[in-house]
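See below for the structure under consideration.
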Amino acid sequence: MIAIIDYDAGNLKSVEKALVSMGQECTVTRDRKEILSADRVILPGVGAFGDAIAHLKKYELDKVVHEVVESNKPFLGICLGLQLLFQGSEESGGVEGLGLLDGDIIRIPDAPDLKIPHIGWNSLKLQNNGRLFQNFTGEPYVYFVHSYYLKAKDPQIVKATTEYSTLIHASVEKDNIFACQFHPEKSGSVGLQILKNFTGV
């Protein structure tokens with residue numbers, strides 16, 4: 001069973017639909033016991049960093065996320081779900097993130113002929129043998145929607161990068177924590193394979 005954490009952040013149904021299409025049993029929930037009894041947990045999300053943290057705290061799901069990670073259960077953050085794993089974001093100054101990983105969430109710098117938010121398909125450069133990307137070759141294309149990006153402190157946790165005005169750390173892994181800035185659930189067959197790899201770790 002895969003638990004998808006519901007904290008009023010949107011984008012939950014598309015993740016659920018992708019998992020169901022793969023034959024995975026999953027539930028969208030904010031119930032602590034249900035989340036902690038799941039085999040794997042996903043934190044999706046779109047929207048503003050500060051609002052998301054406020055919603056997590058409202059339902060005491062910030063504590064549940066820490067419990068999940070401490071239990072060594074495979075945990076996947078998607079898009080805003082990746083950003084929330086870090087200490088904070090330029091989007092919401094003074095708001096503390098979950099602090100599970102080290103790095104900075106920074107606004108994508110303006111550049112000629114590039115629109116922000118970054119919406120669309122970009123290729124990934126894979127590195128450091130990411131488990132989400134096992135058996136991938138070349139530079140897979142995935143779908144992004146974001147205005148802020150990750151610059152991780154430890155280059156070893158970075159498993160994929162992309163270029164959009166700057167070098168973006170697009171996917172990270174550390175122990176049982178996995179995270180993608182892009183949306184695997186909206187990235188066609190490549191994204192489904194990434195989700196399959198997560199269900200197999």
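The values are calculated or read from the model by the stated rules, or taken from the named source; none is laboratory data. All of these numbers come straight from a predicted model, not from anything done at the bench. Positions of Cβ are backbone-derived with ideal geometry, glycine not excepted, and every protein chain shown enters the neighbour counts. Accessible surface areas use protein heavy atoms only, side chains included; no ligands, DNA or RNA. Shrake-Rupley method; radii C 1.70, N 1.55, O 1.52, S 1.80 Å.
Annotation: of all residues in segment 106-144 being at pLDDT 95 or above and among the small types (Gly, Ala, Ser), the one that is nearest to the chain's Cα centre (by Cα) is 130. Taken as a whole, the condition of being open to solvent by less than 70 Å² (accessible area, probe 1.4 Å), in contact with a strand residue (DSSP E or B) (Cβ under 8 Å, 6 or more places away or on another chain) and either farther than 15 Å from residue 179 by Cβ or at pLDDT below 95 (or both) does not apply to residue 68. Residues that are open to solvent by 20 Å² or more (accessible area, probe 1.4 Å) and either among the polar types (S, T, N, Q) or more than 17 Å from the chain's Cα centre (by Cα) (or both) within segment 34-54 comprise 34, 36, 37, 39, 54, listed in sequence order. When residue 137 is tested against the conditions (1) in contact (Cβ under 8 Å) with a residue 12 or more places away in the chain; (2) out of contact with any strand residue (DSSP E or B) (no Cβ under 6 Å at 6 or more places or on another chain); (3) under 24 Å from residue 200 (Cβ atoms); (4) part of a loop (DSSP other than H, G, I, E, B), the lone failure is (1).
Got at least one residue in segment 77-94 being among the aliphatic types (A, V, I, L, M) and surrounded by fewer than 21 Cβ atoms within 10 Å (Cβ to Cβ)? Within segment 77-94, none of the residues are among the aliphatic types (A, V, I, L, M) and surrounded by fewer than 21 Cβ atoms within 10 Å (Cβ to Cβ). If you filter segment 149-201 down to residues that are of a type in the set (Ser, Thr, Tyr) and assigned to a strand (DSSP E or B), you find that the one that is nearest to residue 90 (Cα to Cα) is 149. Within segment 17-33, the set of residues being open to solvent by 20 Å² or more (accessible area, probe 1.4 Å), in contact with a strand residue (DSSP E or B) (Cβ under 7 Å, 6 or more places away or on another chain) and closer than 18 Å to residue 178 by Cβ comprises 24, 26.
Close Cβ contacts (under 8 Å, 6 or more residues apart or on different chains) running from residues in segment 144-163 that are under 18 Å from residue 185 (Cβ atoms) to residues that are modelled with pLDDT under 95 and not in a strand (DSSP E or B) comprise 145/46. Would you check if there is a residue in segment 139-152 being under 22 Å from residue 42 (Cα atoms), among the charged types (D, E, K, R) and open to solvent by less than 60 Å² (accessible area, probe 1.4 Å)? No: zero hits. Scanning segment 163-201 for residues that are aliphatic (A, V, I, L, M) and either at pLDDT 95 or above or touching a Gly at 6+ places or on another chain (Cβ under 8 Å) (or both) yields 167, 168, 170, 172, 177, 179, 190, 192, 194, 195. Contact annotation: residue pairs with Cβ atoms under 8 Å, 6 or more positions apart or on different chains, pairing a residue in segment 17-37 that is free of Cβ contacts under 8 Å to residues at least 40 places away in the same chain with a partner that is part of a loop (DSSP other than H, G, I, E, B) and open to solvent by less than 50 Å² (accessible area, probe 1.4 Å), are 27/38; 28/6; 29/6; 30/6; 30/7.
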